[in-house]
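Structure record follows, encoded as structure tokens.
The values are calculated or read from the model by the stated rules, or taken from the named source; none is laboratory data. Since we're looking at a predicted model, the values are computed, not measured. Backbone-built Cβ (ideal geometry, glycine too); neighbour counts: all protein chains shown.
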Amino acid sequence: MDYKAIFIIVSHIIFTMSLGWYLITNLQWYNYKIDRVIFKHKRYSWHLLFFVIPVFAYYLTGIYFWIYFYFALLPSYYTWQKKLDKKLVFTARVKRFFLFLALAVVFEDMLCLATGRCVVYGVILPLVVAVFISEIFEKILFSGFKKEARKKLESMDELKIVAITASYGKTSIKNFLYQIIKDEFNAYKTPKSVNTEAGIVKDINRALPKECEVYIAEAGAREQGDIKKIVDILQNHYAIVGKIGPAHIEYFKTLENIRNTKMEILDSKKLIKAFVHKSANVKPNDKVQIFGDEIKEVNATLEGLSFKVEISGVLEEFEAKNILGEFNAINILAAILMALELGMDIKTIKKQVSKLTQVEHRLQKMEAGGKLIIDDSYNGNLEGMLSSYELVSSYKGRKVIITPGIIESTKEANEKLAKKIDEVFDIAIITGKTNAIVLMENIKHSKKLLLADKDKLQDLLAKETKAGDLILFSNDAPTFV
């Protein structure tokens with residue numbers, strides 16, 4: 001074998017693995033759903049630049065392709081991944097994918113050499129084989145993990161499981177409930193925003209303490225059936241369905257589909273009690289209690305939140321000094337009702353509510369350089385975002401907002417958001433391209449700044465803001481959206 005042949009084989013392997021890197025990065029972003037990578041992606045220009053054009057160039061330009069590959073494509077891959085704020089995480093699944101891809105491409109090259117029939121070494125076939133084998137292998141592996149998780153839950157006779165879902169606020173409800181009950185029960189909650197079937201199974205197997213009395217699990221969905229899968233594993237004794245609205249309408253198409261998917265959380269064979277927000281439009285029964293109308297006299301300021309709740313005919317007052325946002329009254333109410341169901345008394349619950357701390361990145365207040373910063377970067381729905389704008393509108397100094405708008409929502413929702421931004425803020429910094437046009441067109445009076453590269457945000461804030469300003473980080477979106 002001559003040096004030229006060795007160069008081509010080695011380069012072919014590197015090129016195929018580079019395409020695999022791009023592919024698995026995108027698959028990880030979209031929960032390993034190839035259809036979402038193809039049909040739901042927000043940056044199709046990336047597919048064109050980093051996959052389609054390179055593949056066509058490889059097959060059409062012959063030996064000259066390697067000049068483009070080594071001096072243009074590889075450097076552009078490196079620059080691209082350096083700028084990503086959500087880089088590829090080398091999980092066990094990702095490592096297995098690269099192993100399957102490496103074996104596929106090496107086998108193909110050896111077969112080509114042995115037969116001498118390959119005019120050009122293929123790149124698509126090894127990728128297809130790696131994705132196919134990886135999918136089958138992961139399904140087999142996950143089936144075993146699910147059985148292990150079910151067996152562990154069944155062995156914990158005294159465990160009570162609370163499953164929580166909502167279009168808005170499910171993570172907040174989970175965290176508020178945990179904070180309220182943790183001193184009374186040996187409680188455990190799914191970490192951060194873990195809310196998928198795979199994430200929950202992994203959490204049960206690796207982290208759920210055997211001595212746990214109350215397991216609080218958050219259930220999310222991108223399509224019908226997702227929550228049913230979670231319920232089949234958990235067989236939850238209690239359910240909380242928070243506010244339902246058009247979040248992720250892009251995936252569900254209709255509000256009715258969203259509602260039906262959320263209602264899957266009631267399908268547990270062991271269900272004892274469910275608290276369902278009135279927005280679900282379901283009828284109450286002996287197991288389902290509707291909530292939402294009990295709240296009275298909500299007072300939300302930058303100094304905290306207070307409200308009254310009618311419980312058993314008595315108007316009870318609650319104060320959460322560290323919690324911001326009127327919408328959080330509903331989330332706290334859901335946690336209060338669940339705590340009462342678990343047997344806690346109202347006096348203890350009030351005490352715990354007064355000590356609640358804000359969930360990270362959800363109207364989290366801090367100060368830096370004389371500026372008041374409100375981090376609401378995990379709030380991505382219209383109602384919650386509008387509520388946060390109303391909250392900061394009373395601030396006396398200049399108000400600055402940094403937002404990509406609402407992701408996975410409608411143009412009309414972003415138009416409404418933009419008009420409210422125009423009413424409240426002095427400076428609007430628009431991040432990302434997804435909603436840039438609709439936001440820029442509908443913000444008429446505020447100073448508008450379009451930030452294409454989030455790496456330059458700090459420099460922009462240093463230039464445009466000063467001590468005494470309020471800066472609101474309203475929603476956030478990774479670079480790929």
Within the stretch 75-93, is there a residue that is farther than 18 Å from H47 by Cβ, touching a residue at least 40 places away in the same chain (Cβ under 8 Å), assigned to a helix (DSSP H, G or I) and not charged (D, E, K, R)?
no
For the stretch 239-261, name all the residues that are of a type outside the set (G, A, S) and either at pLDDT 95 or above or not assigned by TED's automatic domain parsing to the domain that holds T171 (or both).
I240, V241
Sole miss for G116 among (1) buried (at least 18 other Cβ atoms within 10 Å of the Cβ); (2) on the phi > 0 side of the Ramachandran plot is condition (1)
Hey, H47 out of contact with any strand residue (DSSP E or B) (no Cβ under 7 Å at 6 or more places or on another chain), surrounded by 14 or more Cβ atoms within 10 Å (Cβ to Cβ) and touching a residue at least 60 places away in the same chain (Cβ under 8 Å) or not:
no
Going through G432, G380 one at a time, which residue ends up being crowded, with 16+ Cβ neighbours inside 10 Å, in contact with a Pro (Cβ under 6 Å, 6 or more places away or on another chain), of a type outside the set (V, I, T) and under 26 Å from D85 (Cα atoms)?
G432
Does the stretch 110-126 contain any residue that is within 23 Å of P54 (Cα to Cα) and touching a Gly at 6+ places or on another chain (Cβ under 7 Å)?
no
Would you kindly identify the strands (runs of 3 or more DSSP E) lying entirely within the stretch 280-385 that contain at least 1 residues that are free of Cβ contacts under 8 Å to residues at least 40 places away in the same chain, out of contact with any Cys (no Cβ under 6 Å at 6 or more places or on another chain) and not assigned by TED's automatic domain parsing to the domain that holds V241?
364-368
Over 23 Å from the mean Cα position of the chain (by Cα) and at pLDDT 95 or above - does that describe any residue in the stretch 389-398?
yes
Give, as residue ranges, the helices (runs of 4 or more DSSP H) completely inside the stretch 95-211 that count at least 3 residues that are touching a residue at least 40 places away in the same chain (Cβ under 8 Å) and under 30 Å from K278 (Cβ atoms).
170-181
Which of the residues spanning the stretch 120-136 are more than 12 Å from Y32 (Cα to Cα) and either of a type in the set (S, T, Y) or not assigned by TED's automatic domain parsing to the domain that holds F15 (or both)?
Y121
